[in-house]
Amino acid sequence: MIITLAGGGSTFTPGIVKSIALRKEELEVDEIRLYDINEERQRKVGVLVDWILHEDLGLDIKLTVTTDKKTAFSDADFVFAQMRVGGYAMREQDEKIPLRHGCVGQETCGCGGLAYGMRTIFPMVELIDDVEKYAKPTYWILNYSNPAAIVSEACRVMRPNARIINICDMPIAIIDLVCAALEIDKKDVEYDYFGLNHFGWFTSIRHKGEEVLPQLREYIKEHEILLPSSYLKGMSSLMKSNTDNEDESKQNRHTKGSWYYVWKGVYEIMELFPEYLPNTYLNYYLQQKEFVEHSNPERTRANEVEETREHNLFAGIDRYEATGEIDESTFYAGSHGDWIADLAVALKNDTKARFLVICQNRGAIPNMPYDAMVELPAYIGKNGPEVISRDNIPLFQQGLMMQQLNSEKLVVQACIEGSYEKALQAFTLNKTVPSMTVAKEVLDEMIEANKDYWPELK
């Protein structure tokens, strides 16, 4: 059993590898391969992964670190894809260019998401072709690469027969916080959900068969935020300047910087639309004006991540190489890695476990297009997802989804056809953009910023 991580230089790689390793018996994994086009970044992450596998866990799993496609994918059973085309330098542009024009600046939503999608479509298709060429015929690509909605639509159109399952861990991160807030065990929780990726709603959350959504509504209303009480103890430091002496090191990361407004936005949405629990990404679409107002165009989430997770991981690796001392707090392990590793277990062992996946609708939501790439619960077995169908969704949610879906379809068509007009239509249609004039201004600036990545638009 060979598992390859494409984008092996990611800061999430150590956590994902640990999740795989802890399921060694279930996955019967013999070799883990890290593949990345950034050789030095890959080398450094490989140092930490080697420590996790062979020093921390003491396992005999072979580790291969490579920048060669054939070495990476030959006879692979699973490929976990987590590419970030353009790195954090381009993520900054995705976030800061829209903000300069009064639009939401976010890496997967709005103009930033469309730009990121246009960079990622062809590299993802290339990865599929490489895996198809070298891997086992029974391969599965489990794709974490964002923006997953646009990537999955492009794969549907351009490589319809690829053995790829597109997934996202944000709903799982939300469920983690819900369970922490209500002090219940997530292992006993089952939920219903519908939407597009980064654009959906929880319609039911059940703990041991008992509906807890009403209890959650009361919690969110009382605290005016979707965060566990234990996270809120250091909240006072949010409004303090960097020169204040209060120690922020103990403050939970979800209460810092832009994260605070994400979880606060859940309360604000549910005050007006209380029926369903929204995915936090809906904040960017339903509160565009407010998010622009409290965003800092000079320091966005990309900068926050670079200064925290990115810095901490590579500083920790440098320290390990210099001193031999390891700080496990510098790498992330948890739901992100568990989710993708558990999905691989379900596919390999035909468990029919329930997961949330991005899949072609095919009537599962009757009042959405047949070919829409939707996010729904499914049972996962050796043949892939068995999607759980549902009734028609309400007109409000359906209307929002159709607008977003068509924006994403247009940007995929723009890439394939090299069409400036369709790209402009995609930006204009997106709910985060106030007018076609602003859409054109943002698009034209993004064309210049992405000239090394996008296809030529005519």
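Below, the figures for the structure above:
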quantity	calculated
Cβ pairs under 9 Å, 6+ apart, first in the stretch 385-399 and closer than 16 Å to LEU196 by Cβ and of a type in the set (Lys, Arg), second open to solvent by 60 Å² or more (accessible area, probe 1.4 Å) and at pLDDT 95 or above	ARG390/PRO366
Residue match in the stretch 204-224 (condition: open to solvent by less than 20 Å² (accessible area, probe 1.4 Å) and closer than 24 Å to LEU347 by Cβ)	no
The listed residue being in contact with a Phe, Trp or Tyr (Cβ under 9 Å, 6 or more places away or on another chain) and in a loop (DSSP other than H, G, I, E, B), out of GLY363, GLY337	GLY363
Lone qualifier among LEU99, LEU114 - being open to solvent by less than 10 Å² (accessible area, probe 1.4 Å) and either assigned to a helix (DSSP H, G or I) or closer than 25 Å to MET401 by Cβ (or both)	LEU114
Qualifying residue in the stretch 337-349 (condition: among the small types (Gly, Ala, Ser), farther than 26 Å from GLY7 by Cβ, modelled with pLDDT of 95 or more and buried (at least 16 other Cβ atoms within 10 Å of the Cβ))	no
Some residue of the stretch 448-457 being buried (at least 16 other Cβ atoms within 10 Å of the Cβ), assigned to a helix (DSSP H, G or I) and free of Cβ contacts under 8 Å to residues at least 40 places away in the same chain	no
Every pair of residues 6+ apart whose Cβ atoms lie under 8 Å, when the first sits in the stretch 98-111 and is free of Cβ contacts under 8 Å to residues at least 60 places away in the same chain and over 20 Å from MET170 (Cβ atoms) while the second is open to solvent by less than 10 Å² (accessible area, probe 1.4 Å) and of a type in the set (D, E, K, R)	none
Filter result (out of contact with any strand residue (DSSP E or B) (no Cβ under 6 Å at 6 or more places or on another chain), acidic (Asp, Glu) and either open to solvent by 30 Å² or more (accessible area, probe 1.4 Å) or in a loop (DSSP other than H, G, I, E, B) (or both)) within the stretch 375-413	ASP391
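Per-residue answers, yes or no, for (1) of a type in the set (Val, Ile, Thr); (2) touching a Ser or Thr at 6+ places or on another chain (Cβ under 6 Å); (3) open to solvent by 10 Å² or more (accessible area, probe 1.4 Å):
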{"position": "MET90", "(1), (2), (3)": "no, no, yes"}
{"position": "VAL104", "(1), (2), (3)": "yes, yes, no"}
{"position": "GLY110", "(1), (2), (3)": "no, yes, no"}
{"position": "PHE122", "(1), (2), (3)": "no, no, yes"}
{"position": "ALA135", "(1), (2), (3)": "no, no, yes"}
{"position": "THR138", "(1), (2), (3)": "yes, no, yes"}
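Yes/no matrix, rows are residues, columns are (1) open to solvent by 10 Å² or more (accessible area, probe 1.4 Å); (2) part of a strand (DSSP E or B):
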residue: SER10; (1), (2): yes, no
residue: PRO14; (1), (2): no, no
residue: VAL17; (1), (2): no, no
residue: TRP51; (1), (2): yes, no
residue: LEU59; (1), (2): yes, no
residue: ASP75; (1), (2): yes, no
residue: VAL79; (1), (2): no, yes
residue: VAL85; (1), (2): yes, no
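The values are calculated or read from the model by the stated rules, or taken from the named source; none is laboratory data. Source: prediction; values computed, not measured. Note: ideal-geometry Cβ built from the backbone for every residue, glycine included; neighbour counts use all protein chains shown. The accessibility values were calculated without ligands, DNA or RNA, using every heavy atom of the protein model including side chains. Shrake-Rupley method; radii C 1.70, N 1.55, O 1.52, S 1.80 Å.
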